[in-house]
1. Would you mention how many residues in segment 192-204 are without any contact (Cβ under 8 Å) to a residue 40 or more places away in the chain and under 20 Å from GLU120 (Cβ atoms)?
2. Please determine, by comparing only the residues of segment 267-284 that are surrounded by fewer than 18 Cβ atoms within 10 Å (Cβ to Cβ) and among the aliphatic types (A, V, I, L, M), which one is farthest from ILE187 (Cα to Cα).
3. Checking LEU270 against (1) over 25 Å from LEU121 (Cα atoms); (2) touching a Gly at 6+ places or on another chain (Cβ under 6 Å), which test does it fail?
4. Give the residues of segment 338-360 that are part of a loop (DSSP other than H, G, I, E, B) and more than 25 Å from TYR193 (Cβ to Cβ), sorted by residue number.
5. Looking at TRP240 and the list (1) closer than 21 Å to LEU357 by Cα; (2) part of a helix (DSSP H, G or I), which single condition is not satisfied?
6. Report the residue count in segment 260-312 for those that are in a loop (DSSP other than H, G, I, E, B) and more than 15 Å from GLY338 (Cβ to Cβ).
7. Among the residues of segment 61-79, write down those that are open to solvent by less than 10 Å² (accessible area, probe 1.4 Å) and under 21 Å from ALA110 (Cα atoms).
8. When residues of segment 62-84 are filtered for being part of a helix (DSSP H, G or I) and of a type in the set (Lys, Arg), how many remain?
Amino acid sequence: MKSTYKPEELLQVLNWSPPAQDDSLAFGSAGKCLFMLEYYLCNKRMQSLYLLNSELTKLVNSGNRQPGLFNGLAGKLWILSKFIKASPEASEDRQTEFQMIRDRLCDETAVHLLRPGRYELMNGAVGIGIAALSFGDDQILQLVNSYLQRYQDQHYRFNDTARIYSDDEPLTEIRDLGVSHGLPGIILYCSYYLEVRGEDPLIKKLLLNSGETLLKDILVAGPLIPKFLPGGMPSVHQGWCYGNLSTGLSLLKAGKVLKEKRFSDAGMELIRSALPFFTDFVFTQHHLCHGTGSLLLLLKEIVPFFPANEWDLVISRAQASLGTAAGSEGGLLTGFVGERLARASYFEASLSNWESLFLLKAPV
């Protein structure tokens, strides 16, 4: 993995200054810390540890009290837990910081989940649950699971793109079908929960109900599912955030865990329906949200379910384009920080298991 980073690319990330007062995983300093954590795990050099410790100090001292994974405490705590696990010599202060942030996350999660509509991966229950699965926090998992079970019949019946930016948006019957903010995120969370924790009748029921709901929605939507992207951005079929591949992957994972062939078949059909789209597609974006970075990581998970060579052309074209024009924007989600991580982790799985934050792997 070390060889996949060019010296100038490393300098670009290390010299990047996140936006002032943005400590989020998506666009801010937590995303930079994630990159530096992965790089340290790869080379175990004291200089890398020193730089990571310096960035962690800034991160834990920031005042953000949002509980979400990509916008707040859950993402911060995930990084800190991985650092402590990887560095037994981590100071007692880091252990104290972890407990302090953990207690704050538990309190803020209990308040955050008092309202419906806060279930999604980026800043809601699913993301908090993925982090808690990783560091094994039963109390936080209970808050998340109770919330998802309570609202399983109504919590995803709205256009979540509007809800993200305004809690005052009225509920509608538009269901969000993207992994980042929608029903497939719940399906992947439940699948990984059962994979990590074993049999749980309530989570299994939630997974089954969510899978059946998604099947109905796909039948209504047609072969190319609706995609809602903020800011009037065009639909992107290869996107991790909203796209046939990631939504299809959720059904493949559910089918495997539940041993439900109808889910697996629907997932393969949905994914395969996007294949013609890539024939003449020009890859111009290389980040994680809806660029070739996430496309390659998605294909890495999807290809084993398909006949040999079916996706070879798409993979070769995406590989050829990745890293050719990362752009000047930093950040994990839509910048060169995420693009660098994606390229390295495609060729060799990450040591931090950061892919689990994007629901591409089970938390460990």
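The values are calculated or read from the model by the stated rules, or taken from the named source; none is laboratory data. Nothing here was measured: the structure is a model prediction, and the numbers come from that model. Reconstructed Cβ throughout: ideal geometry from the backbone, glycine too, with neighbour counts over all protein chains shown. Remember, those area values only see protein heavy atoms, side chains included, never the ligands or the DNA or RNA. Shrake-Rupley method; radii C 1.70, N 1.55, O 1.52, S 1.80 Å.
1. Number satisfying all stated conditions: 0.
2. Ranking the qualifying residues of segment 267-284, first place goes to VAL282.
3. Here LEU270 clears every test but (1).
4. Answer for segment 338-360, where residues must be part of a loop (DSSP other than H, G, I, E, B) and more than 25 Å from TYR193 (Cβ to Cβ): just GLU348.
5. Tallying (1) closer than 21 Å to LEU357 by Cα; (2) part of a helix (DSSP H, G or I), TRP240 fails exactly one: (2).
6. Restricting attention to segment 260-312, the residues satisfying the condition of being in a loop (DSSP other than H, G, I, E, B) are 260, 274, 279-291, 306-311.
Okay, now just the ones that are also more than 15 Å from GLY338 (Cβ to Cβ), so 260, 274, 279-284, 306-311.
The qualifying residues number 14.
7. Answer for segment 61-79, where residues must be open to solvent by less than 10 Å² (accessible area, probe 1.4 Å) and under 21 Å from ALA110 (Cα atoms): PRO67, GLY68, LEU69, PHE70, GLY72, LEU73, ALA74, GLY75, LYS76, LEU77, TRP78.
8. Residues meeting the conditions: 2.
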